Structure formats: structure tokens, C-alpha cells
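*Asks:* Shown below is the structure under consideration.
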2 protein chains.
Amino acid sequence: MSTTLQYGGRMTQEPRWLSDREQRAWQAYRRMFLLLNAQLSRDLARQSGLSEPDYDVLSSLGSRPDHRCRVSELAERMLWSRSRLSHHLARMEQRGLVVREECATDGRGAVVVLTAPGQRTIEAAAPLHVESVRKYFIDLLTAEEIDVFADVGETVVERLTDTEGRRPTG
Amino acid sequence: MSTTLQYGGRMTQEPRWLSDREQRAWQAYRRMFLLLNAQLSRDLARQSGLSEPDYDVLSSLGSRPDHRCRVSELAERMLWSRSRLSHHLARMEQRGLVVREECATDGRGAVVVLTAPGQRTIEAAAPLHVESVRKYFIDLLTAEEIDVFADVGETVVERLTDTEGRRPTG
DNA sequence: GCAGTGTAGTTGACATGTCATCTACCTCAT
DNA sequence: ATGAGGTAGATGACATGTCAACTACACTGC
């Protein structure tokens with residue numbers, strides 16, 4: 001979690017270590033993610049029998065009008081590597097949550113489609129998951145703090161996509 | 001990443017879906033974490049040959065006066081399960097970054113100690129890692145935003161440790 | 001001093017993610 | 001039409017994380 005950045009050693013060029021305030025923010029952010037993620041995963045598993053990745057795939061598909069999506073487009077929207085998505089879809093297909101179909105317009109391509117059980121699952125899971133997200137995160141924030149998270153998040157994402165242009169490619 | 005929470009289905013009791021602002025914050029936060037984490041991992045691997053977990057273990061040990069720590073205490077401070085830490089220490093011991101010693105005061109216990117190569121590694125890695133953290137996160141935030149992250153992070157962590165008291169136990 | 005119970009740490013089986021590679025197909029210039 | 005190079009997706013080997021035992025030792029009350 002890289003919570004401790006201040007390392008006491010002697011360097012040739014003294015780096016710009018984090019100030020106490022910066023350190024506190026970084027550490028709090030990292031620990032928050034770790035614990036929040038663990039809690040949401042637990043809730044999701046207990047209440048709906050889904051992992052977070054499961055949930056994300058299902059909800060991404062469920063939010064599409066026809067409950068279907070090209071595999072690579074889905075990967076891009078989710079910021080997942082194609083490989084990861086391919087493996088995960090294989091596991092979800094085993095469980096009957098989604099199916100893969102051939103793509104009519106591109107012989108290489110595949111289309112993932114939500115099955116009826118998959119749809120029932122995400123419909124049942126979503127409200128419970130929102131409750132968890134509220135309980136452990138959103139409802140603890142003031143309106144101003146919510147906006148700061150949105151702004152900062154978008155700024156950082158922009159920095160990371162524009163400048164570096166690194167995408168998971170696998 | 002649970003970026004989409006609004007699910008369009010019909011529910012028996014309409015849940016409190018996220019508002020647009022809340023949705024934006026949640027999505028931005030999740031995407032930020034995903035991309036930021038990926039970038040920091042890449043930098044760390046390229047510059048120092050370490051994974052983030054590697055870095056965290058080394059820096060936790062390095063920040064101790066004597067470069068040593070009881071295994072379970074380390075796990076607790078890092079918010080890792082004992083099992084995860086045990087596996088990871090085994091791998092790091094293989095690479096010569098740390099060693100495990102018997103504990104003098106508790107026959108069951110073990111103490112992890114940073115080796116000389118481990119110390120050199122973390123001393124070299126830390127300044128580079130701080131630069132990445134600054135470049136892609138800290139230096140993009142205003143002082144106010146930094147404080148918001150610290151406050152919110154601590155609030156959420158408190159909520160998750162006090163109320164639920166769930167800790168990784170493995 | 002010893003049974004019962006709790007704790008520290010490890011281990012093995014398994015789930016998941018990454019990376020490099022492979023196949024099949026598309027696209028485009030010639 | 002064809003051959004070069006690019007893209008979509010799947011796959012296998014491997015790294016990492018989780019969960020449930022398991023071992024060994026510590027504590028407590030009798």
C-alpha cells in the first residue's frame with residue numbers, strides 16, 4: 001500500500017519527500033481504499049454471491065440498452081486488459097451469467113450478452129451494493145467533499161490517460 | 001470497479017440510488033485508483049524491480065529503527081492477512097530482500113528483518129516512488145484538496161474499523 | 001503439571017490477474 | 001488477389017491473493 005514514503009536514508013540528491021500533510025493524505029487514501037474495498041467485497045459476496053469484478057462486468061452489461069457489448073469495447077470501458085476480461089468472461093460463462101456470441105460484423109470479434117440469470121443477479125445485487133457504498137463511503141461525505149473527490153479523480157485520470165496514454169493491453 | 005451503480009430495473013423497494021454528483025464522485029474515485037495504481041506499479045517495476053506489495057513491505061521494515069518487525073505486527077500495520085504476508089515474505093526471502101528469524105520472547109513467533117540488499121533496494125526505490133506519487137497524484141492537488149483526502153480517508157477508515165471491526169485474519 | 005483454549009505463523013488448494021504468445025481475421029497498398 | 005502488418009480474442013505459464021486447515025507454542029484454571 002505504499003503508506004510510508006519517507007525513507008530515512010541518505011540520498012545523493014535529496015528528493016522532494018512528502019510533507020506531513022501530504023503524507024497523511026496519501027496514507028489515508030491508501031488505507032481507505034484497502035478497507036473500503038475489502039468491506040464492499042465482503043458485502044457483495046455475502047449478499048449476492050458476486051465478486052467485485054463479477055459485479056462490474058454484470059453492471060456494465062446491464063447498463064447497456066440491449067445487455068450486450070463487444071468484448072474489446074467492454075474491456076476499454078472497464079479499463080481492463082483484454083486478457084483479464086477474457087479469463088473472467090470464461091469463468092462467468094461457466095456460471096451461466098453471460099454468454100459469448102460471434103460478432104456479425106467482424107469475424108474476429110465476440111459479443112458478450114447478459115443471460116436471464118445474469119440479469120436477475122445484477123438486478124438483485126445492485127440496490128444492496130449501493131447501500132454498502134452509501135453506508136461506508138458516500139453518506140460519510142459532505143457535498144463539498146463529494147465534489148472534491150469527483151474533481152480530483154477526474155484530474156488524475158486525465159493526467160494518466162492524456163499524458164502517458166498507457167492502457168492495459170495484455 | 002463498480003463504476004456503474006444505477007441499475008435500471010424495477011425493485012420492490014426503490015433503493016436510494018446515487019445522485020449524478022455522487023455517481024460522478026464514485027466513478028472518478030474508482031477509475032482514479034485503477035489508473036493510478038497501474039501507473040505506480042509500472043514505475044516501481046521498471047525503476048526498482050519491485051511490485052507495490054514488495055515496496056510496502058520493504059518500506060514498512062525500513063521505517064523501523066532496527067529494520068525488524070514481528071510478522072503479525074507487520075501484518076496488522078499493513079492491513080494484510082497473516083497468510084498473505086507469510087506467502088509474500090517467503091517470496092521476498094527467496095530474493096534475499098528479507099530474512100525471518102525466530103522470536104526470542106515468543107516461541108511461536110517470527111521476526112522479519114531487512115537484509116543489506118533489501119535496505120539498498122528500498123533506499124534506491126523510495127525517492128523514485130515519491131516522485132511518481134507526486135507526479136501523478138499529490139502535485140495535482142491543491143492544499144485544500146489534500147486535506148479533504150486526508151479527512152475523508154480517516155473518516156472512512158474509522159467507520160470501517162470501529163463499527164465493523166473486520167480485519168483480515170487468514 | 002496438565003488439560004483446554006487461544007494465538008502465531010505456515011501451508012496447500014484454489015481463485016484471480018499478468019504477460020507473452022498464438023490464431024484468425026481484417027485492411028490496405030501494390 | 002495477395003502479402004504485410006494490424007487487431008480481436010483466447011490461451012498457457014506463471015505470480016499473486018484468499019480461505020481453510022494445520023502445527024507449534026502460550027496462557028489459564030484447576
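The values are calculated or read from the model by the stated rules, or taken from the named source; none is laboratory data. These numbers were taken from a predicted model, which means no experiment stands behind them. Note that we place each Cβ from the backbone using ideal geometry, even for glycine, and neighbour counts take in every protein chain shown. Heads up: the accessible areas ignore ligands, DNA and RNA and are worked out on the full protein's heavy atoms, side chains in. Shrake-Rupley method; radii C 1.70, N 1.55, O 1.52, S 1.80 Å.
The rows are residues; the columns are (1) in contact with a helix residue (DSSP H, G or I) (Cβ under 7 Å, 6 or more places away or on another chain); (2) within 11 Å of DNA strand C (Cβ to nearest atom); (3) not aromatic (F, W, Y).
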{"residue": "B:L50", "(1), (2), (3)": "yes, no, yes"}
{"residue": "B:S63", "(1), (2), (3)": "no, no, yes"}
{"residue": "B:S72", "(1), (2), (3)": "yes, yes, yes"}
{"residue": "B:R84", "(1), (2), (3)": "no, yes, yes"}
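*Asks:* Cβ-Cβ distance below 6 Å, separation of 6 or more or different chains: which pairs start in segment B:63-85 with a residue that is in contact (Cβ under 8 Å) with a residue 60 or more places away in the chain and end on one that is outside any helix (DSSP H, G or I) and surrounded by 15 or more Cβ atoms within 10 Å (Cβ to Cβ)?
*Replies:* So the pair list comes out as B:S81/B:P168.
*Asks:* Look through B:E131, B:E158, B:E145 and report the one residue that is under 30 Å from A:V157 (Cβ atoms), in contact with a Lys or Arg (Cβ under 9 Å, 6 or more places away or on another chain) and away from DNA strand D (no atom under 14 Å from the Cβ). First the steps, then the outcome.
*Replies:* Numbers: B:E158 fails: in contact with a Lys or Arg (Cβ under 9 Å, 6 or more places away or on another chain); B:E145 fails: in contact with a Lys or Arg (Cβ under 9 Å, 6 or more places away or on another chain).
Being under 30 Å from A:V157 (Cβ atoms), in contact with a Lys or Arg (Cβ under 9 Å, 6 or more places away or on another chain) and away from DNA strand D (no atom under 14 Å from the Cβ) holds for just one of B:E131, B:E158, B:E145, which is B:E131.
*Asks:* Scan segment B:65-72 and tell me whether some residue there is more than 14 Å from DNA strand D (Cβ to nearest atom), over 20 Å from the mean Cα position of the chain (by Cα) and within 14 Å of chain A (Cβ to nearest Cβ). Full working, then the answer.
*Replies:* Residues of segment B:65-72 more than 14 Å from DNA strand D (Cβ to nearest atom): B:65-69.
After this cut, where a residue has to be over 20 Å from the mean Cα position of the chain (by Cα) as well, the list is B:65-66.
If we keep only those that are within 14 Å of chain A (Cβ to nearest Cβ) too, we end up with B:65-66.
Yes, that holds for at least one residue.
*Asks:* Let me ask you something else. Within segment B:8-27, is even one residue at pLDDT below 95, in a loop (DSSP other than H, G, I, E, B), more than 9 Å from every other protein chain (Cβ to nearest Cβ) and open to solvent by 60 Å² or more (accessible area, probe 1.4 Å)?
*Replies:* Yes, segment B:8-27 has at least one match.
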